[in-house]
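As C-alpha cells, the structure follows; a few thoughts come after it.
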Amino acid sequence: MSIPKRAPFARFEQTYFVTTKCFGGQHLLQSEPCALLLIDTMYPYRKQGKYALHSFVVMPDHMHAILSPVEITLERTMQLIKGGYSYRLSKELRVHREAWQRGYSDHRVRDSSDYGIHLSYIANNPVKRGLCSSPELFPYSSASGKFELDPVPQWLKPEV
C-alpha cells in the first residue's frame, strides 16, 4: 500500500499545524534526553532558513508544531525533522529502534483565528494530559518561554 503523494509545493505564505506520533504509540519522548534531542534537531534547520518555527510541544508519544516551510515542501520539512531526529537518536543516544510512525497529519492554518486556536492547543496540550498545571511549566514546549521562535506570519496577523 503506497502513501498518497502530497502537493509538491509549499510557499512561505503557508503555515501549518503538524502532528507526528512515535512508532507504535511508544512514549519515546518522555525522557528528557530524547525530548531535548528532538527540540535540538529542529533548530539547526530553522537557522538554515528551511522553515519558520512558530510554536511546538514535545509530548511523551507525539509532537505538535506550527511552522512555515521556506522554499521546501512541507513533506521535506517533516523529513528533515523526523529523519534528523532518528539519525541523531541512534548516533548520539544509542537508541536503535523505530522512532516515528509513517507520515504525519497537517492542517493549513487559514487565518489569525485559526492560528490562535492551534497556538492555544499546543500550549495547553501538556496541561490537558496532566503533565503540568500551566503551559509555561512544561519544559518541552515553546510555551515555556525558553525557546526562540519566529514571529506570527504577517498574513496571519489580525487586521486592525
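The values are calculated or read from the model by the stated rules, or taken from the named source; none is laboratory data. Just so we're clear, the structure is a prediction, and the values are computed from it rather than from any experiment. When we count neighbours, we look across all protein chains shown, and the Cβ atoms used for this are built from the backbone with ideal geometry, even at glycine. These area figures cover heavy atoms from the full protein model, side chains too; ligands, DNA and RNA do not enter into them. Shrake-Rupley method; radii C 1.70, N 1.55, O 1.52, S 1.80 Å.
Restricting things to alpha carbons, tell me how big the chain is in terms of Rg and Dmax, in Å.
Expressed in Å, the Cα Rg and Dmax of the chain come to 15.3, 51.
Which one of HIS54, VAL18, GLY103 is farthest out on the positive end of the charge dipole of the chain, using unit charges on Cβ (Lys, Arg +1; Asp, Glu -1) and the Cα centre as origin?
Value computed over the given set: GLY103.
Go through the range 86-160 and name the GluC sites (Glu not before Pro) that are in a DSSP coil and have 16 or fewer other Cβ atoms within 10 Å of their Cβ.
Those satisfying the criteria are GLU98, GLU148, GLU159.
Could you give log10 I(q)/I(0) at q = 0.19, 0.23, 0.25, 0.27 Å⁻¹ for the range 115-160, computed by the Debye formula over C-alpha point scatterers of equal weight, without solvent?
Debye intensities relative to I(0), on a log10 scale: -0.64, -0.82, -0.90, -0.98.
Could you pull the accessible area for LEU131 with a 1.4 Å probe, rounded to 10 Å²?
80
Can you list the HN-Hα couplings for the range 23-34, worked out from phi with the Karplus curve (6.51, -1.76, 1.60; θ = phi - 60°), rounded to whole Hz and with x for Gly and Pro?
Those phi angles translate into 4, x, x, 5, 8, 4, 8, 7, 7, 4, x, 5 Hz.
Can you list residues whose amide H is under 5 Å from HIS62's amide H, if they're 5+ apart or on another chain and H is modeled 1.01 Å from N?
CYS22
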